[in-house]
Amino acid sequence: MAERRAAVSGVTTALTTAALIVVVALPFVFIVLQAIFPDIGAGSFSRPFEHLGAVLKSEDFATQSANSLILGAGVVLTSALIATPLAAIRALYRLPGALIWDLLFLVPFMIPPYIATLGWVLSLQPAGYLQQLTGINLAGFLFSLPGIVFVMAMHTFPVIYFAASRSFAAIGARYSDVSRVFGAGPGRAFWRITLPLATPAVAASLLLVFAMTIEEYGTPAVLGARFDFDVLVTGIDTSLSDWPIDLPKAALLSLALIALSLAAFGFQRRIATARDFDVVGGKSTRAPQRNLGIWRGPALTLFALVAFVSTGFPLLAILATALSRTISGGLKPSNMGFENFRAIMTDSSGALSAMGTSFGLGLVAAIVAGFFGIAIAYVTTRGGSGRGRSLIDALAMLPNAAPGVVVALGLILLWNQPALPVTPYNTLGILVLAYVCILLPQPVRYTVAAFQQVNPSLEAAARVHGASATRTAWRVLVPLVAPSVLAAMLLVFTVAARELVASLLVAPVGTDTIGTYVWRQFDQGSIGEGMAVAFLTIIATTLVPLGILSALRKVERSGSSATNL
Amino acid sequence: MLANLKETNLRAAHEDAALAVRSLRLSYGPAEILRGIDLSLAPGKALALLGPSGSGKTTLLRVLAGLEAPSAGEVFVHGGCVAAPARGLFLPPERRKLGMVFQDYALWPHMSVAQNVGFPLEMQGIGRAERLSRAQAALARVGLEAMGDRRPSALSGGQQQRVGIARAIASGARTVLFDEPLSNLDRELRESMVDEIAGLVADLGLTALYVTHDHSEAFSLADEVAILREGQIVQAAPPEILVDRPANPWVAEFLRLGAVLSADAARAVLRDLAVPQMAKAVLLPRRDIRICGTSETSLRARVLRCLFRGDDYQLALALPDGSEIQISAASRIAPGQEIGLHIAPEALRWFDIPKRP
Ligand SMILES: Nc1ncnc2c1ncn2[C@@H]1O[C@H](COP(=O)(O)OP(=O)(O)OP(=O)(O)O)[C@@H](O)[C@H]1O
Ligand SMILES: [Mg+2]
């Protein structure tokens, strides 16, 4: 019996590892190979390292690496400056409508950054909406380094806001209040107790923002192109898609990018584990009772301002464009109508089929990634032997450090090998592979956490009371982890359906996804239909998962007395 | 005129007290947590606050400390009014000069033990050298002089709470609030630490407000015990008086003083007894109940359980009306057996408040 179980879990482990190697490891191996052997694309290991010196010495490599670093640092700093005061107010004072502000600050996550950036371009470009409404022209600001930093910070600051407010609140209730009793004023309590204790959580979120920033493609591509500002991601894209195509250079830039991201993630892990005071969690915290007093008005104004600028402004610009008959017609009632939405329905420009393709691919990717997540979680948390576990763990988390453009490069290099008998290249399958690889860390993280929360004694109890291993998994484990797995799959669906850069690079000829469609429409100047698709996509990919999740929560709550953990 | 005079007297009383609250109310939204509390604690005295979970004990302490603002009423600390919403007065916690010991210790994890204890002194602007020596002295008082350089997380629960106590006394605060300081410790440690805290409070002449779940802890520490129920004080008295003359049937039951019967049940159970006119309920104090033969008494009981407790046996008995009572016995009596009980009529406590069903 025990032997059979070990054999079963051995087979599971082997299969999972093999799948991970194909989906995750091989693309990265080929990037490394390409960086070393310039002719690997022809299946040849000749002239090793010949390219290396030239690329490393090239001006592009130095400037683009430096630009990525500068951009990352700038966005981290700006996001922190915006998010920290908001988080402190939210956590330490009784803020009217606190939950609504939280919800509003989730919205930037719902808008894909490239779409938000297009919204900013439409608003701030010369003769854009801002100039039409107020006469102010901020184009000079938008198409500059501070402009890119600002637009990206508007997307990333919620990461810091949520991390900091959660940890400020836990610390405030448990540790900071105590220092007040022992004579510390509010300022000293914040500097001496709250801030040092929150440092690990906040620093971890800063590093996450850094990684998000250097991996982002859409925003630097749209804005940077106007003033020749290239970062590693856009540099890789250029080497891949502009003549003369330079695969070795793309591979080396990718390795530099992976190294930067890995450093950020590694650093984040170290901070999170080394200085974790375990201040979050534990006893339930009391709601803050401190009144804002005369600062109520200014605080609310600040929240409203940030919420409007970060979400309202780009969303309104997108909506206005979607509703405009012509862009040149401007913001006039006579220029407004539903023509663009009607045009989508006729599918004359391929909008409808792009949406169909993306939603279909998102669904398939979600299902594949979900099953992958379960297999990996099962092997890493329930598998018998320790061998292979850390390898699987590392492989599953590797894509964290790899932006879409790098994954796309790896897939191109791997699946164009002349020796391959069959290849998914130039089919929709390559997009599924890309999405699963890029997004795999999410379902793995959610599912592993869910598995870890299920106390093994729950399964033991089922076994003792007569259930076989399979039935135990089916009746106890699966129902308990299902909500988390489903939530992770929804996330994969949402992000995959609007993915941009990998789709641009590996989509089969003649196939459009939502991302590539919107992108091309914008490039070709027929912006209205593109923005209408963007708007419908935001609505669909926000409301549908939210609806499913809240329905799920209701079910969970009604059944929670039975399955209380 | 008369009301005015009473007002002045009350105010004078509050100005003498180390801690006092008057008509204190606190609501969270529609829920009223504290519902008109009057309390006063003279300097150097120890008051225990006893009450069921959720009755508002922690909330009351937090109001006194200034971590929570009352909705109405007044709070006095060391004779001065520190909170009075009617007058818009609210002194923040750091200016109330109190010490406080927390149920979850609340030691700052990023500071060493000595830094934790020295923090209140640092806030008073005391220089490093003096701070260290005073922190060290406070640690010595709780037997932890060797632990100053450690992190709080490297100490056991009991040691951590000793650090918490050292921190509360290091500042030289005359008044210390204790919020169930021992409830996270196991029983043996709890008993020895109650002794230590009592000794410390007496040695330093501290005024102590001590919240606890545990009756014996309250009785052994306090000069006076206040019983809190759903945000109101139902009785405040020295422990002996509390046990002797509980104010109502609920207090008697909460303190597990014995069986509380309604007047009708009492008539049926104690057949040969005259029930006073206004009486609605009666307490049969368990310390006054003796076991006797069934022929000697009209009061019968059936043994439900018999537990050996080392020194004696604890009997759980069912009275004829169905209510349960626990008494101690010198020898084992088998469950199911009928026994007779004797209680002197003058030991009975009559209440004119009905026992709640
Ligand atoms: N922030 C809050 N918002 C709303 N209600 C609260 C809040 N904090 C406490 N309460 C409520 O106030 C009541 C009193 O709580 P409190 O913590 O003072 O009780 P307690 O007597 O200390 O209980 P315990 O013995 O369990 O510690 C409880 O009913 C609790 O649910
Ligand atoms: Mg409490």
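The values are calculated or read from the model by the stated rules, or taken from the named source; none is laboratory data. Quick caveat, the model's predicted, so the values are computed rather than measured. All Cβ positions, even for glycine, are placed from backbone atoms using ideal geometry, and neighbour counts span all protein chains on display. Note: areas computed on protein heavy atoms with side chains; ligands, DNA, RNA excluded. Shrake-Rupley method; radii C 1.70, N 1.55, O 1.52, S 1.80 Å.
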Of all DSSP beta bridges with both partners in the protein assembly as shown, the antiparallel percent, nearest 5, is 75
With x for Gly and Pro, the residue-by-residue ³J(HN,Hα) of region A:455-465, computed from phi through the Karplus equation 6.51 cos²θ - 1.76 cosθ + 1.60 at θ = phi - 60° and given in whole Hz, is 4, x, 5, 5, 5, 4, 4, 5, 4, 4, 8
In terms of the alpha carbon gyration tensor, root eigenvalues a ≥ b ≥ c, rounded if a/c is under 1.5 and otherwise prolate when a/b exceeds b/c or oblate, chain A is rounded
Going through B:57/B:97; A:554/B:57; B:57/B:355 one by one, the pairs whose alpha carbons sit over 27 Å apart turn out to be A:554/B:57
Mean other chain Cβ within 10 Å across A:168-178 is 4
For chain B, shape from the Cα gyration tensor axes a ≥ b ≥ c, cut at a/c of 1.5 then a/b versus b/c, turns out oblate
By accessible area (1.4 Å), largest first, B:287, A:520, A:270 order as A:270, B:287, A:520
If each part is reduced to its alpha-carbon centroid, region A:226-273 and region B:219-298 end up apart, in Å, by 79
Here, residue A:382 and residue A:546, labelled 7 Å along Cα→Cβ, have an inter-label distance in nm of 3.5
With every protein chain kept in place and a 1.4 Å probe, the residues A:437, B:292 fall, from largest accessible area down, as B:292, A:437
Taking R0 as 51 Å and r as the Cβ-Cβ distance between residue B:154 and residue A:328, the FRET efficiency 1/(1 + (r/R0)^6), rounded to the nearest 0.05, comes to 0.10
With every protein chain in place, the accessible area of residue A:425 for a 1.4 Å probe, in Å² rounded to the nearest 10, comes to 60
The simple spin-label model distance between residue B:15 and residue A:526, using points 7 Å out along Cα→Cβ, in nm, is 8.8
Relative contact order as a percentage, chain B, C-alpha pairs under 8 Å and 6+ apart, gives 15
Restricting to aspartates and glutamates and to Cα separations under 15 Å from residue A:249, and discarding same-chain partners fewer than 8 apart, the set is A:39, A:50, A:59, A:60, A:230, A:237
At the level of C-alpha centres, the distance separating region A:29-56 and region A:432-490, in angstrom, is 41
Taking A:13-22, B:23-32, B:331-340, A:495-504 and ranking on average Cβ neighbours within 10 Å, highest first, one gets A:495-504, A:13-22, B:23-32, B:331-340
Ignoring ligands, DNA and RNA, the residues of region B:26-40 whose accessible area with a 1.4 Å probe is reduced by 10 Å² or more relative to the chain alone are B:28
With every protein chain in place, the residues of region B:90-121 shedding 50 Å² or more of accessible area versus the chain by itself (probe 1.4 Å) are B:94, B:104, B:108, B:109, B:110, B:119
With a 1.4 angstrom probe the carbon and sulfur portion of accessible area for the protein assembly as shown, in percent, totals 60
Simple spin-label estimate for residue A:420/residue A:102, 7 Å along Cα→Cβ, in nm, reads 4.5
If each K or R counts +1 and each D or E counts -1, the residues other than residue A:34 whose Cβ falls under 11 Å of its Cβ total -1
Rounded to whole Å², per residue accessible area for the protein assembly as shown with a 1.4 Å probe reads 45
Listed by chain and number, the residues whose amide H is under 5 Å from that of residue B:280, excluding neighbours fewer than 5 places away on the same chain and using placed H, are B:351, B:352, B:353
Checking rank on B:53-62, B:96-105, with mean other Cβ inside 10 Å and highest first, the result is B:96-105, B:53-62
Measure of exposure for residue B:185: accessible area at 1.4 Å probe, Å² rounded to 10, is 10
Residue-ordered couplings for region B:125-142, obtained by feeding phi - 60° into the Karplus form 6.51 cos²θ - 1.76 cosθ + 1.60 and rounding to whole Hz (Gly and Pro as x), are x, 7, x, 4, 5, 5, 4, 4, 5, 6, 4, 4, 5, 5, 5, 4, 4, 9
With every protein chain in place, the accessible area of residue A:155 for a 1.4 Å probe, in Å² rounded to the nearest 10, comes to 40
Result for interface chain B to chain A, accessible surface buried in total, 1.4 Å probe, Å² to 100, stands at 2400
Charge dipole of chain A built from unit charges on the beta carbon (Lys, Arg +1; Asp, Glu -1), centred at mean Cα; most positive-end Cα among A:136, A:113, A:162 is A:162
Residue separation between residue A:137 and residue A:452 times 0.36 nm, minus their alpha-carbon distance, gives in nm 108.1 nm
